[in-house]
Amino acid sequence: MLEKEKLNKYAENLEFKINEKEYETLQNEFDILLKQVEIISKIEGIKDYEPLDFPFPLENSYLREDKTNMKISREDALKNASETKNNCISVPKVVE
């Protein structure tokens, strides 16, 4: 079972607030999900298969090839950045 503190941290990271009843619902849903994953992992030979990103083959032949027609210097690219570090744009960390 996921602890309330972890769920609260996840909710904070996603920038939404949940109440006590929603905590209970989320914990129950995660329990069900984790049990299902456990059942699936017990299927014989499951580790022999690659996970799917998408169930159907995708063909992107209709997309155009990206071509650059304008280049700017690093200095110009960094001019509008609010923060830079080691001559690169610095952004806030978004994952744990």
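With a/c under 1.5 counting as rounded, go ahead and sort segment 52-96 into rounded, prolate or oblate using the C-alpha gyration tensor (a ≥ b ≥ c being the square roots of the eigenvalues; past the cut-off, prolate if a/b is larger than b/c, else oblate).
oblate
For the chain, please report how many Lys pairs fall under 16 Å Cα to Cα, leaving out neighbours fewer than 8 apart on the same chain.
Value for the chain: 8.
What does the chain give for Rg and for Dmax, in Å, if only its C-alpha atoms count?
Just the Cα atoms of the chain yield Rg and Dmax of 22.5, 57 Å.
Hand me the chymotrypsin sites (Phe, Trp or Tyr not before Pro) from segment 9-93 located in a DSSP loop with no more than 13 other Cβ atoms within 10 Å, in residue order please.
Hits after loop and neighbour filter: PHE16, TYR49, TYR62.
Sort 83-90, 39-46 by packing, meaning the average of other beta carbons within 10 Å per residue, with the highest value first.
Ranking, from highest mean packing down: 83-90, 39-46.
Taking 8 Å as the Cα distance limit and 6 or more residues as the minimum spacing, I'd like the relative contact order of the chain as a percentage.
RCO, the chain: 16 percent.
The numbers here are math on the coordinates, done by the rules we state, and not lab data. Just so it is clear, the structure is predicted and the values come from calculations on it, not from any experiment. For neighbour counting, all protein chains shown are included, and Cβ atoms are generated from backbone atoms with ideal geometry for every residue, glycine included.
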